[in-house]
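Read the structure below first, then the notes.
The values are calculated or read from the model by the stated rules, or taken from the named source; none is laboratory data. Worth saying up front: this structure is predicted, and the values here are computed from it rather than measured. Cβ: placed from backbone, ideal geometry, glycine included. Neighbour counts: every protein chain shown. Just the protein is used for accessible areas: all its heavy atoms, side chains included, with ligands, DNA and RNA removed. Shrake-Rupley method; radii C 1.70, N 1.55, O 1.52, S 1.80 Å.
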Amino acid sequence: MAHLSFFSPVGDLTIIEEDAALVALEWGRAPEDAGSKLLMEAKRQLDAYFARKLKKFDLPLRMIGTAFQKRVWARMVKIPYGETVSYGRVARELDSGPRAVGTACGRNPIPIIVPCHRILASNGLGGFSGGTGLETKRALLRLEKADGFLL
């Protein structure tokens, strides 16, 4: 698997590619790798996102998970930049429960690009498994100036 590590406003990130698709985005640095055209394009798009110049990613993804997790992740990518929805709303749309949606969010292998940070609890932020947790989720929502998000 090819990977590329770089600095971002939310910490060091490593993006991982396998068979011409992104399979993971992780916090931290990995040993140097030559990267690939796809990884360089993913970095370019992430840099543009962090500069508020890109609102929708256009990258090949391979999400590895259960059928339910894939349904939640597919719903996530439909949440527009700068908007949020609740775990409960997604759960109702998928005929499930909010905790199951939260668990799927926590297992999202490609955060930011698949924007799990845009799903909130009905009484607050909920959780976030990347970076420094809720601090990182807040930073991403502030970056997007998300509607209804209290800074």
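Here are some notes:
- Solvent-accessible ranking of T132, T103, largest area first, probe 1.4 Å: T132, T103
- With R₀ fixed at 22 Å, the C-beta to C-beta distance from S129 to A74 puts the FRET efficiency at about 0.70.
- Here, P(r) means the percent of Cα pairs in each 5 Å bin from 0 to the largest distance; for the chain it is 2, 10, 20, 23, 21, 15, 7, 3, 0.
- Extension gain (nm, one decimal) between K145 and E32, 0.36 nm per residue minus Cα-Cα: 37.3 nm
- Taking Lys and Arg as +1 and Asp and Glu as -1, the other residues whose beta-carbon sits under 12 Å from that of A121 total +3.
- Sum of -39500 (n - 2.57) over DSSP H runs of 4+, divided by residues of the chain (222 nm, nearest 500): -10000 deg cm²/dmol
- Taken per residue, the accessible surface of the chain reaches 53 Å², heavy atoms only and a 1.4 Å probe.
- Highest average first, the peptides 78-85, 137-144 ordered by how many other beta carbon atoms sit within 10 Å of their residues are 137-144, 78-85.
- Whole-percent carbon and sulfur share, accessible surface of the chain, 1.4 Å: 53 percent
- For the range 85-151, the equivalent ellipsoid built from the Cα gyration tensor has semi-axes of 18, 14, 10 Å, listed from largest to smallest.
- For the set H117, H3, the ranking by accessible area, highest first and with no ligand, DNA or RNA atoms included, is H3, H117 under a 1.4 Å probe.
- Fully extended contour minus Cα-Cα distance, from R92 to R107, at 0.36 nm per residue: 3.4 nm
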